[in-house]
Amino acid sequence: MLLLEKAKRGEITKEMEKVAKIERVDVEKLREGIARGKIVIPYNNRRGSKINTNVPEIEPKGIGEGLTVKVNANIGTSEALSSIDTELRKLDAAVEGGADAVMDLSTGYDIDKTRKQVIAQSSIPVGGVPVYQTATELRRKEKPLVEMNTEDIFDVIRRQSEDGMDFVTVHCGLTLSGIERLKQQGRICDIVSRGGAMLTGWMVHNQKENPLYEEYDKLLDIAREYDLTLSLGDGLRPGSVLDATDRAQIQELLVLGELVDRAREADVQVMVEGPGHVKFNRIRTNMEIAKELCNDAPFYVLGPLVTDIAPGYDHITSAVGGTLAAVSGADFLCYVTPTEHLGLPGEKEVKEGVVASKIAAHAADISLGNEYSLERDRQMSIARKELNWEKQVELSLDPERAKQIKKDTNPQKDKDTEDKDSEDKSTGEECSMCGQYCAMKIADEALK
């Protein structure tokens, strides 16, 4: 029986219990949120089963209303850079940075093998975009994507599900009428979704409707078989802040809202992907429209990026937008790395992207009044008041970096000490920024 089906019947599963414990929420309220489709727990039923022993148990993650904002990290090979070992190191970097989920977007050598190893090694949910693999496999057969048939893409979806993928991005809301709307109104950046562009090329060439839309019931059947969570992709998401909230984007959202209803009726967990580039003052409007049209389904946003002129720093532009998006209703932030718009990220960029998104997610959580998140900030403030460096490092989002900076910028008091990290563990010693003029120390002495 499917997790959503059990939730509707009033049953509480082990996944619900684990998520409720992690989130510090009442398990009955969690179950109710799942039953209403406002919360999802991506968790393939192959996990930990005897059917596929290469699909290990993972820490289940709840995404949606009343829960902490989650962060996803994209990894995966490309035709230019293809190394499974590298992707596994990037997976570890994402988990170390605090990612709640990871997506394997591989288009390089041996996609099936890469995915299987990522799933086998991951301790968090894994997702993918099946149309990428479909296009890659056709190309290797020296066939263009426009020659894809319906079975090609559904075969990949089934294979990925069989391997243990917990959620998949499927651009089901992209229709011929939506493409026509896009052509009529014009955009600076027509389509920036890779999956959306691939399907658009196929649809325009063949003058046929999107197979993921036309054969949506077949997709639901596969999702039911594996308890696969659908992430309804935004094929017409804006790729320029000047293109956001246009008619094409809204028309796709209308279709996605209808597909959300159909998925819920079929007991298939579903979330919806949101915009990429949006002016800061339009983010709240975008989220309110999206939530309304999609019946409060959990929302998964790429960024959003609030300016287009910061290549090399787009992890920052996305964190700025991600905070407001999450405060306004987004439940799941897809990280953006410093290499966005420039190239494939490495381990360092993956971790930087995850931490930037975690900052955005945490900032939203404390703004929304999450008690556990607020307590963590309170404990950090106390540690700073006490000049407790060890505790400050422990509470930080990236302890390794915090510890290294403290060490590099604060010369040791005792050059002959054998404990090279002794200053990091001290309490009461001011840092090199203020030295004897430390405000905390001066105020503490004055106010005694």
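Of all the listed residues (Glu57, Glu79), the sole one being closer than 24 Å to Val25 by Cβ, modelled with pLDDT under 95 and exposed (fewer than 15 other Cβ atoms within 10 Å of the Cβ) is Glu57. For region 210-222, the criterion of being under 20 Å from Ile41 (Cβ atoms) and not β-branched (Val, Ile, Thr) is met by at least one residue. Within region 157-172, residues that are crowded, with 24+ Cβ neighbours inside 10 Å have Cβ atoms under 6 Å from residues that are basic (Lys, Arg) in these pairs: Gly164/Arg46, counting only partners at least 6 apart in sequence or on another chain.
Quick check on my filter: what residues within region 339-362 are among the aliphatic types (A, V, I, L, M) and either crowded, with 18+ Cβ neighbours inside 10 Å or touching a residue at least 60 places away in the same chain (Cβ under 8 Å) (or both)?
Keep residues of region 339-362 that are among the aliphatic types (A, V, I, L, M), which gives 342, 344, 350, 354-356, 359-361.
Result: Leu344, Val350, Val354, Val355, Ala356, Ile359, Ala360, Ala361.
Only one of the listed residues (Arg47, Arg36) is assigned by TED's automatic domain parsing to the domain that holds Glu96, surrounded by 18 or more Cβ atoms within 10 Å (Cβ to Cβ), within 19 Å of Ala7 (Cβ to Cβ) and of a type outside the set (A, V, I, L, M, F, W, C). That residue is Arg47. Only one residue in Gly48, Gly37 is touching a helix residue (DSSP H, G or I) at 6+ places or on another chain (Cβ under 8 Å) and not in a helix (DSSP H, G or I), so which one is that? The match here is Gly37. His362: in contact with a Phe, Trp or Tyr (Cβ under 8 Å, 6 or more places away or on another chain) and in a helix (DSSP H, G or I), yes or no? In short, no.
Scanning region 254-277 for residues that are in contact with a helix residue (DSSP H, G or I) (Cβ under 8 Å, 6 or more places away or on another chain) and buried (at least 23 other Cβ atoms within 10 Å of the Cβ) gives Leu256, Leu259, Ala263, Val268, Gln269, Val270, Val272, Gly274, Pro275.
The values are calculated or read from the model by the stated rules, or taken from the named source; none is laboratory data. All values derive from a computational prediction rather than experimental measurement. Positions of Cβ are generated from backbone atoms using ideal geometry, with glycine treated the same way; all protein chains shown enter the neighbour counts.
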